[in-house]
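Notes follow once the structure below has been shown.
The values are calculated or read from the model by the stated rules, or taken from the named source; none is laboratory data. These figures come from a predicted structure and were not determined experimentally. In this analysis, Cβ positions are derived from the backbone assuming ideal geometry, glycine residues included, and neighbour counts consider all displayed protein chains. All accessible areas refer to the heavy atoms of the entire protein, side chains included, with ligands and DNA or RNA removed. Shrake-Rupley method; radii C 1.70, N 1.55, O 1.52, S 1.80 Å.
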Amino acid sequence: MLICNPDIRLHPGCAAALVDTLGEQLPDGDRVGIAVPLLYEADGTRMPSLRREPSVVRALGEAVIGNRRAGRFPALGELITDPAAYTRRTRADWASGALMLLSRECLDACGRWDESYFLYSEETEYCLRARDLGFATRLQPTASAEHLGGDSQVSPRLWTLLVLNRVRLHRRRHGGLASTAFRAAVLLREASRAALGRAPSRAAAAALLSNAALRATPGP
């Protein structure tokens, strides 16, 4: 199954390269169930699209030193920023869901995507679920596409939904105590950016302080 945002433009050969990646056996016995390409912005800048599993320490690292700087250190950052990781078939805990190809075997084992997230974190949840069942997410660097998105970075409503869904996902996977710490770390990040005048972060910080907002079902 090909998952593709409407603002994605595939480069020649992208789909074929992703197909060739699926099913590959890895040294630990897992198989590649999710293949992803390199993603580029409209100006040709490569986007860091690979991620590590969200954790309290990584959320705190991103809050204190920023996600790109924290991403240089596997223990401190969720975003994989090492340029070398994008030159080889790198395995990641999850990747941007703007464009990914899922194998039939992975789909049969993992089932459907969790639509309760509506937008944001649904790809995180699925990749982590697939990993738990022995299906890896892997970059195919010979496949590439252009991503024209970025609305969540400027829209307070979309950014708030993205932030809240991150906390919801962590709570579902790790329970109340760990998710409280994760929520506090994410709140620190958004509050610090709100203090610098970033409107989306101001909206997200206010929502993080509201238990009702976290309990609400995401939707359009």
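Leu214 meets all of the listed conditions (1) hydrophobic (A, V, I, L, M, F, W, C); (2) in contact with a Phe, Trp or Tyr (Cβ under 7 Å, 6 or more places away or on another chain); (3) farther than 22 Å from Ala92 by Cβ but one, namely (2).
Taking Ser121, is it on the phi < 0 side of the Ramachandran plot and hydroxyl-bearing (Ser, Thr, Tyr)? Write out each step before concluding.
Numbers: on the phi < 0 side of the Ramachandran plot: no; hydroxyl-bearing (Ser, Thr, Tyr): yes.
For Ser121, the condition - on the phi < 0 side of the Ramachandran plot and hydroxyl-bearing (Ser, Thr, Tyr) - is not met.
Within region 204-213, the set of residues being free of Cβ contacts under 8 Å to residues at least 40 places away in the same chain and crowded, with 21+ Cβ neighbours inside 10 Å comprises just one member, Ala205. Within the set Ala143, Ala136, Ala130, the sole residue that is under 14 Å from Leu39 (Cα atoms), touching a strand residue (DSSP E or B) at 6+ places or on another chain (Cβ under 6 Å), outside any loop (DSSP other than H, G, I, E, B) and modelled with pLDDT of 95 or more turns out to be Ala143. Of the residues making up region 174-203, those that are among the hydrophobic types (A, V, I, L, M, F, W, C) and open to solvent by 50 Å² or more (accessible area, probe 1.4 Å) are Leu177, Ala184, Leu188, Ala195, Leu196. With respect to Ser179, determine if the residue is of a type in the set (Gly, Ala, Ser) and either more than 24 Å from Tyr126 (Cβ to Cβ) or assigned to a loop (DSSP other than H, G, I, E, B) (or both). No: the conditions fail for Ser179.
Scanning region 127-169 for residues that are aliphatic (A, V, I, L, M) and over 21 Å from Phe182 (Cα atoms), which turns out most open to solvent (accessible area, probe 1.4 Å)? Explain how you work it out, then say what you get.
Restricting attention to region 127-169, the residues satisfying the condition of being aliphatic (A, V, I, L, M) are 128, 130, 133, 136, 139, 143, 145, 148, 154, 158, 161-164, 167, 169.
Okay, now just the ones that are also over 21 Å from Phe182 (Cα atoms), so 130, 133, 136, 139, 143, 145, 148, 154.
On the way: Ala130: 0, Leu133: 95, Ala136: 1, Leu139: 0, Ala143: 0, Ala145: 0, Leu148: 79, Val154: 110 Å².
Here the residue is Val154.
Taking the options Gly77, Gly23, Gly29, Gly33, name whichever one is open to solvent by less than 20 Å² (accessible area, probe 1.4 Å) and either among the aliphatic types (A, V, I, L, M) or assigned to a loop (DSSP other than H, G, I, E, B) (or both).
Of Gly77, Gly23, Gly29, Gly33, the one residue that is open to solvent by less than 20 Å² (accessible area, probe 1.4 Å) and either among the aliphatic types (A, V, I, L, M) or assigned to a loop (DSSP other than H, G, I, E, B) (or both) is Gly77.
Taking region 112-126 as the range and being open to solvent by 30 Å² or more (accessible area, probe 1.4 Å) and either among the aliphatic types (A, V, I, L, M) or not in a helix (DSSP H, G or I) (or both) as the test, the residues that pass are Arg112, Trp113, Asp114, Phe118, Leu119, Tyr120. The residues of region 36-51 that are out of contact with any Leu (no Cβ under 8 Å at 6 or more places or on another chain) and surrounded by 15 or more Cβ atoms within 10 Å (Cβ to Cβ) amount to a single one, Tyr40.
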